[in-house]
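Note sheet for the following structure.
Any read-out appearing in this document is the output of simple, stated calculations on the displayed coordinates, not a laboratory observation. Note that this is a predicted model, so its numbers are computed, not measured. FYI the Cβ positions are ideal-geometry reconstructions off the backbone, even for glycines, and counts take in every protein chain you see.
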Amino acid sequence: MDPIEVFKALSNESRLQILQWFKEPEKYFAPHEGIDMRKIGVCVCQVQEKLSMTQSTASQYLSILQRAGLIKMERIGKFTYYKRDEDKIQEIADFFKCEL
């Protein structure tokens, strides 16, 4: 884990909002194509719609969160799904607790 990359990823209000939504995806998103959001994740098209932004901007934000290790990606057919990486988030929480 690179703490600087994590801090950069979380320094944008929309990216922070995405991470918060992904904590309880069923509360913020309707199921997509019968996908279990807890197991597979949320489709990029749903994030794009919720944030009212272009698909490229939504994808860029998700990519930044993924590079920081905060979310995981899975492709199913033509769709890309994202969900929180709870192990990495716990690692970040431990870093705060022990190092800062």
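Couple of notes before you dig in:
- The residues on offer are E99, E74, E33, and the sole one that is among the acidic types (D, E) and on the phi > 0 side of the Ramachandran plot is E33.
- Selection count where residues are part of a helix (DSSP H, G or I) and either farther than 14 Å from Q17 by Cα or not hydrophobic (A, V, I, L, M, F, W, C) (or both), scope the range 45-89: 18
- Matching residues, the range 1-16, being of a type in the set (A, V, I, L, M, F, W, C) and in a helix (DSSP H, G or I): I4, V6, F7, A9, L10, L16
- Filtered by the rule that a residue be part of a helix (DSSP H, G or I) and either of a type in the set (G, A, S) or surrounded by 15 or more Cβ atoms within 10 Å (Cβ to Cβ) (or both), the range 17-44 gives Q17, I18, L19, W21, F22, P25, Y28, V44.
- For the residues S56, S63, the requirement of being free of Cβ contacts under 8 Å to residues at least 12 places away in the same chain, surrounded by 12 or more Cβ atoms within 10 Å (Cβ to Cβ) and out of contact with any strand residue (DSSP E or B) (no Cβ under 8 Å at 6 or more places or on another chain) singles out S63.
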